[in-house]
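One structure is given here, and the rest of the page talks about it.
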Amino acid sequence: MTFKELNISEPILKALSNKKYETPTPIQEQAIPVALKGRDLLGIAQTGTGKTAAFAIPIIQKLEQQQVKGQKREIKALILTPTRELAIQIDECFRDYAQYTHLIHTVIFGGVNQKPQVDKLRKGVDILIATPGRLLDLVRQRHITLKQIQHFVLDEADRMLDMGFIHDIKRILPMLPKQKQTLFFSATMPTSISNLSKSILNNPVKVEVAPVSSVVDTIEQCLYFVEKPEKSDLLLSILKKEQNKSVLVFSRTKYGADKIAKVLNKKNIGCEAIHGNKTQNARQRALTNFKSGKTRVIIATDIAARGIDIANLEMVINYDLPDIAETYVHRIGRTGRAGNTGTALTFCSHEEYTMVKEIQKLTGKKLNTAAIPV
């Protein structure tokens, strides 16, 4: 199937051809026709499946078709997302897909001066991408009204709950009109998410892609049994051997991420750490440097890594194992994208072995044990 067969309008098709997107991903193929019909949608899809386009394209098309020249701009679409990095990434997608339309979009998030964001809002905006905290702040200050919303997207709902945003979401929901289209996306579907989706969706169409275990099939996975004190030496050894590769290293804690970065920089391996304690500007600069190849190694916590979407990321290293087996799949799914090959290396200490068993049970694959380089 092609994008043209999905009845996508010419301005968006032109934008897609510029990016050399010829065929839709499974989530796009299933979700775009549903969203274009105005139906509510429950999408179960991970980051990297193309879900941003699955909601951005229908919203752009529907708003562009009903736009009246000279009409006052009001926020008609709200995309709510948990992290600053993800908000910026979604805004970039809207910029790409809406470039040949007359729609105006903007992004708001905390941790930075609100004045430039307020200035943009005052000029008039059709589509708003926001994190919950900053959105509530600007609603309270009366810079934003949500009374004209026609399309509402709740993205990464499971991560919203993990980060404690459920109360913010419950405050935002009553501010939205009853008559609207809601598109709800989550990578996982625990009871809490299922209950939330039932409370805000009206007769939705369920779309599910890439079962959690299938994502790992295209990625070469290796397991190193190594105790905590030796992990930094093993990491240095691997990074020296793989000098030309871009590498994302996962740390379980913010403190751990900073510690790893310090060790690597001391050994002249240029790297940066990103996590919630870093300022927005520092996080954005680190991501820009990594994407451009200025630094080839980035160390991230799980939450901060949600903003990293790099098509040709070659290697992921689990310096620490995550607390939940599904998180492992999300982590390694950042490599081996868009037809590229990828490698995922996991460092496992004695106390982390239980999690390895959980991961193998979830994915149905045994992790190959690698010998520690001498």
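Laboratory data are not the source of any read-out in this text; all were calculated from the coordinates shown. In this text the structure is predicted, and so the values were computed from the model without any measurement. Because the Cβ atoms are built from the backbone with ideal geometry, glycine has one as well, and the counts that use them run over all protein chains shown.
Picking from R84, R159, R140, which is most flexible by a Gaussian network model of the chain using Cα springs under 10 Å?
Most flexible of the set in this elastic network: R140.
Less than 17 Å apart at the alpha-carbon level, and either on another chain or at least 8 residues along: which aspartates and glutamates does that give for K361?
By straight Cα distance, K361 reaches D217, D323, E326, E352.
Mean separation of Cα pairs under 8 Å and 6+ residues apart, divided by the residue count of the chain: what relative contact order is that in percent? Before the final figure, lay out the partial values.
Working: 658 pairs, mean separation 67.3, N = 374.
Result for the chain is 18 percent.
Going by alpha carbons, how many degrees (0 to 90, nearest 10) lie between the helix axis of 26-36 and the longest principal axis of the chain?
The angle comes out near 20 degrees.
Between E358 and E74, how high is the FRET efficiency from 1/(1 + (r/R0)^6) when r is the Cβ-Cβ distance and R₀ = 51 Å? Nearest 0.05. Kindly include the intermediate steps, with their values, before the conclusion.
On the way: r = 48 Å, r/R0 = 0.94.
So the FRET efficiency works out to roughly 0.60.
Would you mind checking segment 72-97 for residues with the amide N under 19 Å from a putative spin-label position 7 Å along Cα→C-beta of V139?
So the set is 74-84, 87.
Cα atoms only, segment 4-208: Rg and Dmax in Å?
Expressed in Å, the Cα Rg and Dmax of segment 4-208 come to 15.9, 46.
Cut-off 19 Å, label point 7 angstrom out along Cα-to-Cβ of S349: give me the residues of segment 243-258 whose amide nitrogen falls inside.
Only 249-258 pass the distance filter.
Subtracting the Cα-Cα distance from 0.36 nm times the residue separation, let me have the gained length for T2 to N289 in nm, one decimal.
Values: separation 287, 0.36 × 287 = 103.32 nm, distance 3.41 nm.
Going from the current span to full extension adds 99.9 nm.
In segment 21-127, which GluC sites (Glu not before Pro) fall in coil by DSSP and have 14 or fewer other Cβ atoms within 10 Å?
Numbers: sites: E22, E29, E64, E74, E85, E92; in loops: E22, E74.
Qualifying residues, ordered by number: E22, E74.
Rounded, prolate or oblate: which fits segment 256-306, taking a ≥ b ≥ c as square roots of the Cα gyration tensor eigenvalues, rounded meaning a/c under 1.5, else prolate when a/b beats b/c?
Values: a/c = 1.86, a/b = 1.18, b/c = 1.58.
Oblate, since a/c reaches 1.5 and b/c is not below a/b.
Give the angle, between 0 and 90 degrees and rounded to the nearest 10, that separates the Cα long axis of helix 254-266 from the longest principal axis of the Cα atoms of the chain.
Roughly 60 degrees, rounded to the nearest 10.
Any of K4/K206; K62/K115; K245/K267; K123/K170; K254/K278 with alpha carbons more than 21 Å apart? Name them for me. Show your work: numbers first, answer last.
Numbers: K4/K206 23 Å; K62/K115 30 Å; K245/K267 17 Å; K123/K170 28 Å; K254/K278 9 Å.
Flagged as over cut-off: K4/K206; K62/K115; K123/K170.
Could you work out the relative contact order of segment 214-369? I mean the mean sequence separation of Cα pairs under 8 Å and 6+ apart, divided by the number of residues, in percent. Show your work: numbers first, answer last.
Numbers: 264 pairs, mean separation 55.2, N = 156.
Once divided by the residue count of segment 214-369, the mean separation gives 35 percent.
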